[in-house]
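Taking it in order: structure first as structure tokens, then the write-up.
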Amino acid sequence: MRDAEYVLDQGGKVVVSLGGSKCEINCAHCYIFAPGFQYFPSRGPEEIVDRLAEFGDELTTVYLSGDIEPFLEPAKAIEFLSLAADRLDVDLLFTTRLLIDTEWYAPLRDVADRQFAKRRLVVGCVSIPAWQGFRRFERSRRVATPQERVDQLGRFATELRIPTMLAARPTFPAELVPLSEYRRLLEAAAQHSTVILGEALFLDTDGVIERRLRTSIDNEFTIGRMSFFDQNRDWKIVHAESQIAGLRRICEELDKPFYLRSMPGVELIRDHWDRDSGELAVERVYPLPVPDFG
């Protein structure tokens, strides 16, 4: 089976994985459990940056996420971010569902300082797919509670002085996560989140991931391809439109921008975020005319 390669997605973004093996976090919903999933190969940070440099000026944003939890190896993740800050003229995002030990905050803050000195971003994203029912999806005890991860968002904002994103991803249909649970999550995270993200749920067409979730989803889906990953297969893409509409309403109540893709959030932060205040320099987010690519 061939390895996955990097894909230049909308707005010049590339999703990067540190690669090398199956992610040991073992989330029930993760697309890596699709039959025949094509993993990124194990590469050192320098080789990854070399490959990214080949995209040239088309590359605007690098998102450290991918098919393995980036901070299973925090030293490798931070080495990659540091090299990317040195050698690429791009905005950097990283995501995690783990708690990053505060011993790593100094090198992360250094990366952020270097990025902001050249008018580029570092954005810290924390993934939380549910509130009280999160263990249905995140089975590993290495994954912290939602409240602990919300508190980490706050530390990213205050100690690293970087903009933050809550990734309520994937956004599950109501039969898996009721809207009331999403409300608890969004209300808890709002004060620490610059932007809130949702996303479609990607299921394999063989039903393996649905069996892992102990459910069967028969509506609100289309069959299509991933735009952000090099996967030679069709996916059952669950859009959960009524649930997404509910999240949008809650975010509007909280005056927090909500997007299904990360690039509109990056553009909003790039244009309006102020590092001194740690806030978006706008009176209100809604109705702020910004593009939504998804």
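Remarks
- The lysines within cross-link reach of LYS118, meaning a Cα-to-Cα straight distance under 21 Å and a gap of 8 or more places when in the same chain, are LYS13.
- Note on Rg/Rh (Cα atoms, Kirkwood Rh): of the candidates [x] 0.93; [y] 0.98; [z] 1.01, the value calculated from this structure sits at [x].
- Taking each residue as 0.36 nm, the span from SER216 to LEU179 lengthens on full extension beyond its C-alpha to C-alpha distance by 11.4 nm.
- Take the Cα of GLN147, step 7 Å toward its Cβ, do the same at ASP86, and the gap between the two points is 4.2 nm.
Where a number appears in this text, it was derived from the coordinates with a stated rule and is not lab data. Treat the numbers as computed from the prediction; the structure is a model and nothing was measured. FYI the Cβ positions are ideal-geometry reconstructions off the backbone, even for glycines, and counts take in every protein chain you see.
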